[in-house]
Every structure is written in structure tokens, then in C-alpha cells.
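First the structure, in the form of C-alpha cells, and then the observations on it.
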Amino acid sequence: MEFDYDLFVIGGGSGGVRAARVAAGEAGAKVGLAEESRYGGTCVIRGCVPKKLMVFASEYSDTAQDAQAYGWKMMAGGFDWPMFRGKLEAELDRLEGVYRNLLANSGVETFDMRARIADPHTVELADGTRKTAKHILLALGGWPVKPDLPGAELAITSNEIFHLDKLPKRLLILGGGYVACEFAGIMNGLGVQTTQYYRGAQILRGFDEEARGLVSEEMMQSGVDLHLGTNVLEMKQVEDGIWVKGTNGSERVFDQVMFATGRAPNTSDMGLEDVGVKLGRRGEIEVDEFSQTSVPSIYAIGDVTGRVELTPVAIREGMAFVETVFKGNPTPVDHELIPTAIFTQPEIGTVGLSEEDARDQEPVEIYCTSFKPMQQAFAGRSDRVLMKLVVSQKTRKVLGCHIVAPGAGEMIQMAGIAIKMGATKEDFDRTVAVHPTMSEEMVTMRQPVRTA
Ligand code: NDP
């Protein structure tokens, strides 16, 4: 049978764009791609990239004060949100242009509209036209979800936070995951009175307990009004803002409420079930290690598969898909030991197992140190950082590395290489320290603080 395309990709985010352009550019496939919103997807348009620029913006709030402590005569003026937002939007436009160009230059034909699956080899575009393809790749991404509570419609999500006309004076953030904690730090740094409610006992569930404990403490120290064990019961529009009733009995009014209560895969109304693509309990597309769905001609990558919701993982899944399907080299995706950072203030960089998970698996030694870093201590700040290694007693391998510090994301990328290679504690020990740095502690921790 003759198809219009060798590959039709639905979704122009990081994963979809990479797979499309590599299939077309390197494997010579005829590729079509449909995107209903902006090219670049969550990461570029409403996630990682604008978020990181906002982190940078928010971190300057301390600069003048710290510079004074180092002898500079410097005064901070106020933060100009409209000016920053204008620059941010221009940068996102530029990046979207880059993505469009990458696709065009590799010969991918793009359709700026929604597409659905009509049958295992056909997609239907929003204008009613149908395109056939030997393979279909679903890179549909995810979308923020809001809990169903009275007044939930008054809350914004991370999608809207980048486009506010003005910064609120009083903001409530609901949730304790990546997005909630990163935005609590950002908004606090930008001078917004930031309150955070999280239903659990400690933010950042799943990460190393000591690391999340320190981040939570430091966030509170720097001014985030964090309430643990607290959820929103009900919200109402009142004259001077949004009235919020909390499960802790509090009734407070905020100018803006942001829900950061998780994300759901974009699988509704896509025609997936009708053609037999199996979905999991949360609506995610079920795939095998080659990203193949239950329909052999249809593959899926990225957040929509609910595996590891990170851009570099989606990109790898896209590359492995092309390798498998278009280069005749079946390549499973390796999801082990993925280094990652949470851009809270301070940042967490982490790779491998938390102390808690490692302890459940085998006997371990814990090496950990927490101290005031030189740069901030000299400026009179009480900020603390943490460096931690979780080591297997039996193999001596480093099973987990957790860093809470400014620049932890940069540090963990490097530590991640060693750990992925299977480095032992003794390999760390025989590496000479880089002095004076924070990360030198990683190679100078001699005695375990505990064994378990
Ligand atoms: P997460 O799943 O990480 O966090 C959701 C938070 O909302 C949790 O604290 C959860 O609580 C809470 N929550 C869920 N439902 C409710 C409810 N009904 N009422 C109150 N609270 C609720 O989602 P995020 O949106 O923060 O992030 C999604 C994914 O995106 C992450 O898992 C990550 O993979 C990725 N991401 C990565 C970033 C990075 O690499 N730096 C940055 C941002 C996102 P509980 O813990 O109790 O379930």
C-alpha cells in the first residue's frame, strides 16, 4: 500500500520535533507533523525555558545586597515585570522560530492544526483532510490538571503564570511538586508575598528526605510562607481578591491562586481507544521499551507515555524511535540513573536512589555534609548547602547522589556521568578536590555519617 508519509508525528514539542527532523533529515523519511498550538511544546513555550529565565530574574533580588557585602556601592531598584515579560515573550517567539526552521530545513511538512487518529495508518486534521502514514508517532505531551473543588476555576496554572498583566501582591500556590516549589521560589524572589499549601508532610515527595527537608527549610528562611499538611477546601471571588478556605481552618484572601497539582497526558478525544491504542489508568499511552503502542504502526514518546516526564528523556525516546523504526537498529530507551535538577532556591540536583529507597534495596553507607557556602556566608547569609552520597556496602558503588546548592543542576550533570559509569565511593575518593569549591566536598567525605 502507498502512504502519503513514512511517518506522521502528532505534537511539535521537544520529542516530536526531534523525532520528525531526525527521521526526515538523517533517515531520509517523508515526514509530516501536526501541532495545534506553538512549536516547542511545554518545555520551550510554557515550561522549562521561560521558567528558568524567571528563576534567573528572581535570583537578582539579592544581588545588590550581596554586592554591598563585598564592598560595592550598589542599590537595587524595583523589578519591572512588563519589561521582563516583553523580553521573555520575544525570546519564546525566537525559539519557536528556531523549531519551525529546524523542521523546514530537514524537509518536514508541518500542519498548524490539531490532528486525531482515524485508523492505524491515518490521521485526520482539523480541516477535515486525511493523511496516511506507514508509522504514526504520538508526542502529545501533557497538560496541568486542577483538583475539583468549589471555585477551582478562579485558579490559574503554570500555563498562565508567564502571561500575567501584573504580578500579584499576594499569591497562593497549591501543591508540593516540581512546579509548585519552583514557582514559590521564583515569585518570592520577584517580591510577591508567596504562600504555599501542600497536603503532605514534606514537599517534593519521592526525593531524598534530607535534601527535601533542607530545601523546605531554606524556602521558608527566604520568605516563602509554606504550610505543610494543608489543602484548599473552597475558593470564592470577593471584592479584594480570591477568598480561600484551607483545611487548616484558615480563611485568607489572595490576589492570585496558582494550582500546581500535577499534569495529565493529552490523550482525550484523540481517537486512540477507537483504534485500539491501550491507555493506562491515568490516561497515559502504554508503550513497550521501543515506545511501540498496542497498535504496531503507532508509537508514542514523551510525557504522554507517563514514563519520566523530562524533556531530555522525550528527546532520547524520539531518537531511539528513529533508530529502531527507520535505521533498522532496535534501540530500547535506557531510563536508569537519569540525573535531574529542580530549580528551587536553592536548587536540588539528584541522580540515582534516595537514601530511603536504597535502604529498602540493600545495606548502604551514607556520606553527607551540610555547610554554609563561602560566597553566601561572606555576604552574611545563613544559607546552607548539602552534599550526599548513598553507597552500596556490598559493591561500593554510588547508588545515589543528592546536592542542594546554588548551581546543583550544573554539578549533578557531571556527577551523573561518573555514577552512570558505575563509580564506587573509592573512585570518588581518589579524585583530587577542586579547591575552593562547594562540590569538592563530594570527594573529601571520609567517614559515613550512618550505615543502614
Ligand atoms: P507533580 O506530580 O510533581 O506534583 C503535583 C503536586 O500536587 C504534588 O505535590 C501533589 O501532592 C499535589 N497534588 C496532586 N493532586 C492534588 C490535589 N487534589 N489537591 C492538592 N494537592 C494535590 O507535578 P508537577 O506539575 O509539579 O510536575 C509534573 C512533572 O513535570 C514532574 O513530575 C516533572 O517530571 C516535570 N517537571 C520537571 C521539572 C524539572 O525538571 N525541573 C520542572 C517542572 C516539571 P502529593 O505529593 O501528595 O501527591
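Throughout, read-outs are computed from the coordinates displayed, never taken from laboratory work. In this text, all values refer to a predicted model and were calculated from it rather than measured experimentally. Using ideal geometry, Cβ is built from the backbone for each residue, glycine included, and neighbour counts are taken over all protein chains shown.
With a requirement of 3 or more residues that are surrounded by fewer than 17 Cβ atoms within 10 Å (Cβ to Cβ), the strands (runs of 3 or more DSSP E) lying completely within the stretch 350-421 that satisfy it span 364-371. Just one of (1) within 30 Å of VAL257 (Cα to Cα); (2) buried (at least 23 other Cβ atoms within 10 Å of the Cβ) fails for ILE136. It is (1). Restricting to the stretch 238-265, give me the number of residues that are touching a helix residue (DSSP H, G or I) at 6+ places or on another chain (Cβ under 6 Å) and away from the ligand (no atom under 12 Å from the Cβ). Counting residues in the stretch 238-265 that are touching a helix residue (DSSP H, G or I) at 6+ places or on another chain (Cβ under 6 Å) and away from the ligand (no atom under 12 Å from the Cβ) gives 1. Restricting GLY151, GLY176 to those that are touching a residue at least 12 places away in the same chain (Cβ under 8 Å), within 13 Å of the ligand (Cβ to nearest atom), crowded, with 17+ Cβ neighbours inside 10 Å and among the small types (Gly, Ala, Ser) reduces the list to GLY176. Taking ASP4, is it more than 16 Å from the ligand (Cβ to nearest atom) and more than 24 Å from MET270 (Cβ to Cβ)? Spelling it out, it is not the case that ASP4 is more than 16 Å from the ligand (Cβ to nearest atom) and more than 24 Å from MET270 (Cβ to Cβ).
Here THR110 does not qualify as part of a helix (DSSP H, G or I), closer than 25 Å to VAL304 by Cα and in contact (Cβ under 8 Å) with a residue 24 or more places away in the chain. Please indicate, with yes or no, whether at least one residue in the stretch 394-407 is out of contact with any strand residue (DSSP E or B) (no Cβ under 6 Å at 6 or more places or on another chain), more than 12 Å from ILE342 (Cα to Cα) and not polar (S, T, N, Q). Yes; the residues of the stretch 394-407 include at least one that is out of contact with any strand residue (DSSP E or B) (no Cβ under 6 Å at 6 or more places or on another chain), more than 12 Å from ILE342 (Cα to Cα) and not polar (S, T, N, Q). Looking at the stretch 338-349 only, could you name the residues that are surrounded by 18 or more Cβ atoms within 10 Å (Cβ to Cβ) and either free of Cβ contacts under 8 Å to residues at least 60 places away in the same chain or not aromatic (Phe, Trp, Tyr) (or both)? PRO339, THR340, ALA341, ILE342, THR344, GLN345, PRO346, GLU347, ILE348, GLY349, listed by residue number.
ARG199 - would you say it is within 15 Å of the ligand (Cβ to nearest atom), surrounded by fewer than 18 Cβ atoms within 10 Å (Cβ to Cβ) and closer than 28 Å to CYS401 by Cα?
Details: within 15 Å of the ligand (Cβ to nearest atom): yes; surrounded by fewer than 18 Cβ atoms within 10 Å (Cβ to Cβ): yes; closer than 28 Å to CYS401 by Cα: yes.
So ARG199 fits the description; yes.
Pairs are defined by a Cβ separation below 7 Å, a sequence spacing of at least 6 or placement on different chains, a first member in the stretch 441-452 that is farther than 12 Å from MET387 by Cα, and a second member that is among the charged types (D, E, K, R); the pairs so defined are PRO448/GLU365; THR451/GLU365; ALA452/ARG359. Among the residues of the stretch 205-221, not a single one is under 26 Å from MET83 (Cβ atoms) and more than 14 Å from the ligand (Cβ to nearest atom). Does ARG170 qualify as being within 12 Å of the ligand (Cβ to nearest atom) and not polar (S, T, N, Q)? Answer is no for this residue. I'm checking my understanding of the structure. Among residues of the stretch 297-314 that are surrounded by fewer than 21 Cβ atoms within 10 Å (Cβ to Cβ) and either closer than 22 Å to LEU33 by Cβ or among the aromatic types (Phe, Trp, Tyr) (or both), which one is farthest from the ligand (Cβ to nearest atom)? Per the criteria, the residue is SER297. Quick one: is VAL333 in contact (Cβ under 8 Å) with a residue 12 or more places away in the chain, touching a Pro at 6+ places or on another chain (Cβ under 9 Å) and surrounded by 16 or more Cβ atoms within 10 Å (Cβ to Cβ)? It is false that VAL333 is in contact (Cβ under 8 Å) with a residue 12 or more places away in the chain, touching a Pro at 6+ places or on another chain (Cβ under 9 Å) and surrounded by 16 or more Cβ atoms within 10 Å (Cβ to Cβ).
Does VAL98 satisfy the condition of being surrounded by fewer than 16 Cβ atoms within 10 Å (Cβ to Cβ), within 16 Å of the ligand (Cβ to nearest atom) and among the hydrophobic types (A, V, I, L, M, F, W, C)?
On the way: surrounded by fewer than 16 Cβ atoms within 10 Å (Cβ to Cβ): yes; within 16 Å of the ligand (Cβ to nearest atom): no; among the hydrophobic types (A, V, I, L, M, F, W, C): yes.
Considered against the rule, which asks whether it is surrounded by fewer than 16 Cβ atoms within 10 Å (Cβ to Cβ), within 16 Å of the ligand (Cβ to nearest atom) and among the hydrophobic types (A, V, I, L, M, F, W, C), VAL98 comes out as no.
One line per residue, one yes/no per condition, for (1) more than 17 Å from the chain's Cα centre (by Cα); (2) aliphatic (A, V, I, L, M); (3) within 16 Å of PHE254 (Cα to Cα):
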position	(1), (2), (3)
ARG170	yes, no, yes
VAL179	no, yes, no
GLU182	no, no, no
LEU190	yes, yes, no
THR195	yes, no, yes
GLN202	yes, no, no
ARG205	no, no, no
SER216	yes, no, no
LEU233	yes, yes, yes
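Residues in the stretch 268-281 that are surrounded by 13 or more Cβ atoms within 10 Å (Cβ to Cβ) and within 16 Å of the ligand (Cβ to nearest atom): GLY280 alone. Scanning the stretch 45-61 for residues that are of a type outside the set (Val, Ile, Thr), surrounded by fewer than 14 Cβ atoms within 10 Å (Cβ to Cβ) and outside any helix (DSSP H, G or I) turns up nothing.
Rundown of residues vs (1) in contact with a helix residue (DSSP H, G or I) (Cβ under 6 Å, 6 or more places away or on another chain); (2) without any contact (Cβ under 8 Å) to a residue 40 or more places away in the chain; (3) within 16 Å of the ligand (Cβ to nearest atom), yes/no style:
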position: GLU26; (1), (2), (3): no, no, no
position: ALA29; (1), (2), (3): yes, no, no
position: ALA34; (1), (2), (3): no, no, no
position: SER37; (1), (2), (3): no, yes, no
position: GLY40; (1), (2), (3): yes, no, yes
position: VAL44; (1), (2), (3): yes, no, yes
position: SER61; (1), (2), (3): yes, no, no
position: TYR70; (1), (2), (3): no, no, no
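Note on the stretch 432-449: residues that are surrounded by 12 or more Cβ atoms within 10 Å (Cβ to Cβ) and in a loop (DSSP other than H, G, I, E, B) total 7.
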